[in-house]
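Peer 1: One structure coming up, written as C-alpha cells, with questions to follow.
The values are calculated or read from the model by the stated rules, or taken from the named source; none is laboratory data. Because the structure is predicted, anything quoted here is derived from the model rather than measured. With ideal geometry, Cβ positions are generated from the backbone for all residues, glycine too; neighbour counts draw on all protein chains shown. The protein model used for the area step is the full one, side chains on, heavy atoms only, and it has no ligands, DNA or RNA in it. Shrake-Rupley method; radii C 1.70, N 1.55, O 1.52, S 1.80 Å.
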Amino acid sequence: MMFCRVKGILGWAAAAAIAIAAFAAPQAAVAAGMGYAVVPTTTIYPGETVSGAQLQEVEVTNPNLKGDYAKSIRQVEGMISKRTLLPGRTISVSALREPFTVTRGSSIRLIFTLGAMTISAAGSPLEDGMTGQLIRVRNMDSGVIVSGTVLADGTIHVAAK
C-alpha cells in the first residue's frame, strides 16, 4: 500500500477519483466485454482427453491477461493435454493437441492413386499421426516402408515419388 500527503480540497478530490478508478477497473474490464476464459475444475494430466465435465467458463476480469488462452469449452473439449492443467488456471491453446487419428502398430489401409488407377494395401503405422500429418508406414504385404498423409477416415494416402 502506498501513502501520500494530500494538500487542500483539490488534492482530496484527485485522490478520491484515483481510488474510485482503481476499484472500478475490474468491473469496467467485464463491462468492456473482455469475454470468457476456460479453466479446469480438476487437475488434468498430460495425455488425458479433456472432457466438458472437467471445465467451466469464467468471466475475464484481469485486463492484463494476454495470450492464447481458450475462450470457450467447445474449443477445448475432446483435445489431448500436453502438460498438467491446474484447476482455476486458464488453459493455453498451445498446451493442447488434436487426438491421433492413427496409432503406431495398428492395422490401417494404404491408398495409392495415380490417375484413374487406385491401389490399396494393408499397412502398419510406425508412428502416431493426426489428420493431415505425414508419417512413415510399413506395407504389410511387401515390408517396404513408405511415407503417406493421414486422412480423416484413418487411411494413409501414399504419394508417388
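Peer 1: Given the conditions (1) without any contact (Cβ under 8 Å) to a residue 40 or more places away in the chain; (2) among the hydroxyl-bearing types (Ser, Thr, Tyr); (3) farther than 24 Å from residue 48 by Cα, which single one is not true for residue 155?
Peer 2: (1)
Peer 1: Mind listing whichever residues of the stretch 49-79 are within 12 Å of residue 34 (Cα to Cα) and touching a Pro at 6+ places or on another chain (Cβ under 7 Å)? Let's see the steps before the verdict.
Peer 2: We begin by selecting, within the stretch 49-79, every residue within 12 Å of residue 34 (Cα to Cα); these are 58-66, 71.
Within the stretch 49-79, just 61 meets the criteria.
Peer 1: Mind checking which residues of the stretch 46-66 are at pLDDT below 90, touching a helix residue (DSSP H, G or I) at 6+ places or on another chain (Cβ under 6 Å) and open to solvent by less than 50 Å² (accessible area, probe 1.4 Å)?
Peer 2: Matches in the stretch 46-66: 52 only.
Peer 1: Just to be sure, is residue 89 in contact with a strand residue (DSSP E or B) (Cβ under 8 Å, 6 or more places away or on another chain) and surrounded by fewer than 14 Cβ atoms within 10 Å (Cβ to Cβ)? Reasoning before the result, please.
Peer 2: Details: in contact with a strand residue (DSSP E or B) (Cβ under 8 Å, 6 or more places away or on another chain): yes; surrounded by fewer than 14 Cβ atoms within 10 Å (Cβ to Cβ): yes.
Considered against the rule, which asks whether it is in contact with a strand residue (DSSP E or B) (Cβ under 8 Å, 6 or more places away or on another chain) and surrounded by fewer than 14 Cβ atoms within 10 Å (Cβ to Cβ), residue 89 comes out as yes.
Peer 1: Considering only the stretch 117-156, state which residues are open to solvent by 70 Å² or more (accessible area, probe 1.4 Å), under 18 Å from residue 98 (Cβ atoms) and in contact with a Ser or Thr (Cβ under 6 Å, 6 or more places away or on another chain).
Peer 2: First, the residues of the stretch 117-156 that are open to solvent by 70 Å² or more (accessible area, probe 1.4 Å): 117-119, 131, 134, 136, 138, 140-142, 144-145, 152-153.
Next, from what is left, pick out any that are under 18 Å from residue 98 (Cβ atoms): 131, 134, 152-153.
Selection gives 131, 134, 152.
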